[in-house]
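A quick write-up on the structure given underneath.
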Amino acid sequence: MSVPITSRVRLNERHHKAALSVFLFVVIAHWAEHVAQAVQIYALGWPIPEARGVLGLPFPWLVTSEWMHYGYALLMLIGLILLRKGFTGRSRTWWNIALAIQFWHHIEHLLLLVQAMSGLHLAGRPVPTSVIQLLVPRVELHLFYNTIVTIPMVVAMLLHRRPRETELAVMRCGCALRTA
């Protein structure tokens, strides 16, 4: 199912600023969950199975569900794709960097989901394992992935809010702090 062109146009013009705000809130909330989990492990000394972030404490299935993790990775990828057209110039470059990193992160989660569904795990591991997870533990890896997607995304948003004159001239949304 594809999003009608008129809806994408409105999203990247009239509703771009609001859509970016909602998207950024979701991304930062997810990133904060990974930070909370890392604090639980490294500052509070909790065992990894008990360190489930904030939402994972009352809802432990959130941490163990590969479907939920894949769904979030896919949602992020779709959001980055749908909101991309609203960016110009330097901000588009940074947004594309976030999109490329998220595409790989999505592939890693797809691999984890396929392993969880099939019961066949990478490299004979006892649990679903991503490619980079062969080198870096899962908690640290996903905190890293979410950080390296969030940083260029935030840079893109800051540059988008403060465009150069040439970028402002081609912007079709009201995200800029100043107008032409």
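FYI, it's all coordinate maths here, none of it is from the lab. Note that the structure is predicted; figures quoted are calculated from it, not measured. Cβ atoms come from the backbone with ideal geometry, glycine included; neighbour counts cover every protein chain shown.
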Worksheet item: Does Trp46 satisfy the condition of being closer than 21 Å to Leu113 by Cα and surrounded by fewer than 16 Cβ atoms within 10 Å (Cβ to Cβ)?
Response: no
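Which of the residues that make up segment 10-48 are of a type in the set (S, T, N, Q) and in contact (Cβ under 8 Å) with a residue 24 or more places away in the chain?
Within segment 10-48, the first condition is being of a type in the set (S, T, N, Q), and the residues that meet it are 12, 21, 37, 40.
Those that are of a type in the set (S, T, N, Q) and in contact (Cβ under 8 Å) with a residue 24 or more places away in the chain: Asn12, Gln37.
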So, first residue farther than 19 Å from His142 by Cα in segment 114-131, second residue in a helix (DSSP H, G or I), Cβ within less than 8 Å, six or more apart or across chains; the pairs are Met117/Glu66; Ala123/Leu134
Taking segment 114-151 and keeping residues over 11 Å from the mean Cα position of the chain (by Cα) and buried (at least 20 other Cβ atoms within 10 Å of the Cβ) leaves Pro128, Ser130, Gln133
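Can you pull out the residues in segment 38-81 that are of a type in the set (A, V, I, L, M, F, W, C) and either assigned to a loop (DSSP other than H, G, I, E, B) or touching a Gly at 6+ places or on another chain (Cβ under 6 Å) (or both)?
Ala43, Leu44, Trp46, Ala51, Val54, Leu55, Leu57, Phe59, Leu62, Val63
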The lone condition Arg164 fails out of (1) surrounded by 13 or more Cβ atoms within 10 Å (Cβ to Cβ); (2) on the phi < 0 side of the Ramachandran plot; (3) in contact (Cβ under 8 Å) with a residue 40 or more places away in the chain; (4) not β-branched (Val, Ile, Thr) is (1)
